[in-house]
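Chemist: After the structure tokens below, expect a handful of questions from me.
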Amino acid sequence: MAQGQGTTDVPTARLELTREQILAHRRLVGALEERLPAGPASLRRAAWAGLQDSVPRAAVLSIHARVQGTAPDAWEDQSLVQLWGPRFAVYVVAAEDLAVFSLGRLPDGGEARRRADDLALRLNAFLDGRKLTYSEAGHAMGVHPNSLRYAAATGTVLISWDGARQPPVWTVPPPGVAPREARLELARRYLHIFGPATPAAFADWAGIRPGRQAVPRSTRSAAS
């Protein structure tokens with residue numbers, strides 16, 4: 001804004017970093033320089049920005065690179081949970097960080113927020129403490145199974161994806177964290193692990209790009 005309108009332009013210094021410096025930072029904060037001792041605290045640190053899971057158990061490979069004594073079933077540790085996280089992909093996160101990776105992506109309002117809240121309430125009422133595959137639940141509820149991923153942003157939907165079959169889903173009580181605080185913490189986690197970065201890069205990674213609501217992975221065909 002030009003001077004004379006009550007403000008002055010303040011020059012900002014730009015920090016210049018080399019690719020080698022950035023990669024070294026990411027290795028250090030990502031626990032990739034020295035493997036951590038086994039235990040819940042190390043698993044949480046390994047999953048500080050969440051661990052995207054995909055065939056062949058990418059989350060376990062990520063844990064193995066960071067934590068000593070990693071077994072093939074490390075993703076099932078009681079200190080970890082699975083959910084549809086950033087970009088509605090399957091993520092393994094620390095159970096105590098569920099709010100960060102769910103409520104941190106919850107829309108502030110509008111149709112997208114109403115859809116997430118409505119699906120979460122309907123899914124909770126339908127399951128009534130049961131675990132069903134998301135295909136079974138979606139078809140029985142009369143909705144496209146993939147649309148249930150919208151409900152994950154409420155922090156009340158967990159899954160157990162084993163790479164071979166459709167994951168069962170179940171509901172849990174909502175986290176006692178304000179969505180705004182969860183979103184700020186999600187941004188902090190992203191910058192800590194992947195920084196330096198831009199707001200646009202964070203929004204793309206989290207699947208919450210302003211002006212466009214994220215859409216669950218393909219709704220082109222109903223799950224069988």
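The values are calculated or read from the model by the stated rules, or taken from the named source; none is laboratory data. Note that this is a predicted model, so its numbers are computed, not measured. Glycine gets a Cβ as well: all are built from the backbone with ideal geometry, and neighbour counts include every protein chain shown.
Chemist: With surrounded by 21 or more Cβ atoms within 10 Å (Cβ to Cβ) and over 25 Å from residue 178 (Cβ atoms) as the only criterion, which of 46, 58, 38 stands out?
Modeler: On the way: 58 fails: surrounded by 21 or more Cβ atoms within 10 Å (Cβ to Cβ); 38 fails: surrounded by 21 or more Cβ atoms within 10 Å (Cβ to Cβ).
46 is the lone residue from the list that is surrounded by 21 or more Cβ atoms within 10 Å (Cβ to Cβ) and over 25 Å from residue 178 (Cβ atoms).
Chemist: Pick from 155, 142, 163: which is out of contact with any strand residue (DSSP E or B) (no Cβ under 8 Å at 6 or more places or on another chain), modelled with pLDDT under 95 and on the phi > 0 side of the Ramachandran plot?
Modeler: Sole residue among the options that is out of contact with any strand residue (DSSP E or B) (no Cβ under 8 Å at 6 or more places or on another chain), modelled with pLDDT under 95 and on the phi > 0 side of the Ramachandran plot: 163.
Chemist: Would you mind stating whether residue 187 is closer than 21 Å to residue 46 by Cβ and either of a type in the set (Gly, Ala, Ser) or surrounded by fewer than 18 Cβ atoms within 10 Å (Cβ to Cβ) (or both)? Write out each step before concluding.
Modeler: Numbers: closer than 21 Å to residue 46 by Cβ: yes; either of a type in the set (Gly, Ala, Ser) or surrounded by fewer than 18 Cβ atoms within 10 Å (Cβ to Cβ) (or both): yes.
Considered against the rule, which asks whether it is closer than 21 Å to residue 46 by Cβ and either of a type in the set (Gly, Ala, Ser) or surrounded by fewer than 18 Cβ atoms within 10 Å (Cβ to Cβ) (or both), residue 187 comes out as yes.
Chemist: Can you name the condition, by its number, that residue 113 falls short on among (1) over 20 Å from residue 166 (Cα atoms); (2) surrounded by fewer than 17 Cβ atoms within 10 Å (Cβ to Cβ)?
Modeler: (2)
Chemist: Now, a different point. Taking the condition of being free of Cβ contacts under 8 Å to residues at least 60 places away in the same chain, assigned to a helix (DSSP H, G or I) and either buried (at least 19 other Cβ atoms within 10 Å of the Cβ) or β-branched (Val, Ile, Thr) (or both), how many residues in segment 72-96 meet it?
Modeler: 2
Chemist: Since residue 112 meets every condition but one in (1) at pLDDT 95 or above; (2) assigned to a helix (DSSP H, G or I); (3) of a type outside the set (Asp, Glu), which condition does it not meet?
Modeler: (1)
Chemist: Here's something else I'd like to know. Quickly run through segment 149-180 and pick out the residues that are assigned to a helix (DSSP H, G or I) and either under 23 Å from residue 127 (Cβ atoms) or touching a residue at least 24 places away in the same chain (Cβ under 8 Å) (or both). Let's see the steps before the verdict.
Modeler: As a first pass, look at segment 149-180 and keep what is assigned to a helix (DSSP H, G or I): 149-154, 179-180.
Across segment 149-180, the qualifying residues are 149, 150, 151, 152, 153, 154, 179.
Chemist: Still on this structure, I have one more. Here's a check for you: in segment 13-69, which residue that is assigned to a loop (DSSP other than H, G, I, E, B) and of a type in the set (Ser, Thr, Tyr) is nearest to the chain's Cα centre (by Cα)? Quick ask: steps written out before the conclusion?
Modeler: Keep residues of segment 13-69 that are assigned to a loop (DSSP other than H, G, I, E, B), which gives 13-18, 30-35, 37-39, 47-50, 53-57, 65-66, 68-69.
Filter once more, so that each one left must be of a type in the set (Ser, Thr, Tyr): 18, 54.
Numbers: 18: 29, 54: 14 Å.
Ranking the qualifying residues of segment 13-69, first place goes to 54.
Chemist: Find all pairs meeting these conditions: Cβ atoms under 7 angstrom apart; at least six residues apart or on different chains; first residue within segment 2-22 and closer than 16 Å to residue 194 by Cα; second residue at pLDDT 75 or above.
Modeler: Matching pairs, first to second residue: 17/196; 22/196.
Chemist: Right, something else. Looking at (1) at pLDDT 95 or above; (2) in a loop (DSSP other than H, G, I, E, B); (3) at negative phi; (4) of a type outside the set (Ser, Thr, Tyr), which is the only condition residue 129 fails?
Modeler: Residue 129 satisfies every listed condition except (3).
Chemist: Of (1) crowded, with 21+ Cβ neighbours inside 10 Å; (2) free of Cβ contacts under 8 Å to residues at least 60 places away in the same chain, residue 131 satisfies all except one. Which?
Modeler: Unmet condition: (1).
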